[in-house]
Amino acid sequence: DVKVTQSSRYLVKRTGEKVFLECVQDMDHENMFWYRQDPGLGLRLIYFSYDVKMKEKGDIPEGYSVSREKKERFSLILESASTNQTSMYLCASSSPGLVGGELFFGEGSRLTVL
Amino acid sequence: GQNIDQPTEMTATEGAIVQINCTYQTSGFNGLFWYQQHAGEAPTFLSYNVLDGLEEKGRFSSFLSRSKGYSYLLLKELQMKDSASYLCAVRLRSNDYKLSFGAGTTVTVRA
């Protein structure tokens, strides 16, 4: 069964802490994405990557960075967490070879910043 | 930014039919996706339309009109397990694999 795995389902951090969210996919997909999901706002794209070592900003990159050192792993980094980054974070992957390029999502990481 | 609109909530009775509308005004269009998301779970892919018309998949159908910037997801013979959020998403360009999402429609199925 294909899978996108996010390392932590629930995290509680303090303002100013550095936060790492890890995502691993086992489908050999080229494309990986980080979205955040907030009530009433839907999914908003933070960063994405179409290849190892490659990264591009999405719609709301401020306060975040990413790392893609290996094809299967895409990490989201909050350099200095703030309360407005409390949210559900969803990682997704896809392959250009798939018809339509559907996204496969992980279970999500719910981050609370106090 | 991209504009993708869908109703916030809908309620229907078990066994009935519900139609979830999605309208979009985007800078490009190369396909429309519908995802289902149960509370606390990952979104899962339901359907994909890139040409006008109706795509049927069991109890679920999706329709697209590109000239009107409009799609709908039709859920027939509703079951309690269909209670979930339904997300409409647009892909803007053929060589650009990210999706832009609407805010989602929460469907509640009542007995």
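The values are calculated or read from the model by the stated rules, or taken from the named source; none is laboratory data. None of the values given here were measured: they were computed from a predicted structure. Cβ: placed from backbone, ideal geometry, glycine included. Neighbour counts: every protein chain shown. Note: areas computed on protein heavy atoms with side chains; ligands, DNA, RNA excluded. Shrake-Rupley method; radii C 1.70, N 1.55, O 1.52, S 1.80 Å.
Counted by Cβ distance under 15 Å from B:THR105, the other residues give a net charge of -3, where Lys and Arg count +1 and Asp and Glu count -1.
Return the carbon/sulfur percentage of the accessible area of chain B, one whole number, probe 1.4 Å, all protein chains in place.
Ligands and nucleic acids excluded, carbon and sulfur give 46 percent.
In terms of the mean number of neighbouring beta-carbon atoms within 10 Å, the peptides B:7-14, B:43-50, B:104-111, B:86-93 order highest first as B:86-93, B:43-50, B:104-111, B:7-14. Measuring heavy-atom accessible area with a 1.4 angstrom probe and counting protein chains only, the residues of the range B:80-108 that give up at least 30 Å² relative to the chain alone are B:TYR97, B:LYS98, B:LEU99, B:PHE101, B:ALA103. The portion of the accessible surface of chain A made up by carbon and sulfur, rounded to a whole percent, is 49 (1.4 Å probe; DNA, RNA and ligands excluded).
Averaged over the residues of peptide A:35-45, the number of Cβ atoms from other protein chains lying within 10 Å of each residue's Cβ is 5.
Counts of other chain beta carbons within 10 angstrom of each beta carbon in peptide B:54-64 average 0.
With all protein chains kept in place, the per residue accessible area of the protein assembly as shown amounts to 48 square angstrom at a probe of 1.4 angstrom. Ranking A:LYS53, A:LYS3 by solvent-accessible area of protein heavy atoms (1.4 Å probe, all protein chains present), from largest to smallest, gives A:LYS53, A:LYS3. Which net charge results for the neighbourhood of B:ALA16, defined as the other residues with beta-carbon distances under 9 angstrom from its beta-carbon, given Lys and Arg at +1 and Asp and Glu at -1? Overall, the nearby charge balance is -1. When chains A and B come together, the accessible area they lose, probed at 1.4 Å and totalled over both chains, is close to 1600 Å². Sites listed here are GluC sites (Glu not before Pro) in the range B:39-111 whose DSSP assignment is loop and whose Cβ has at most 15 other Cβ atoms within 10 Å: B:GLU41, B:GLU77. Comparing the full protein assembly with the isolated chain (1.4 Å probe, heavy atoms, ligands and nucleic acids excluded), the residues of the range A:95-114 losing at least 40 square angstrom of accessible area are A:GLY100, A:GLU102, A:LEU103, A:PHE105, A:GLU107.
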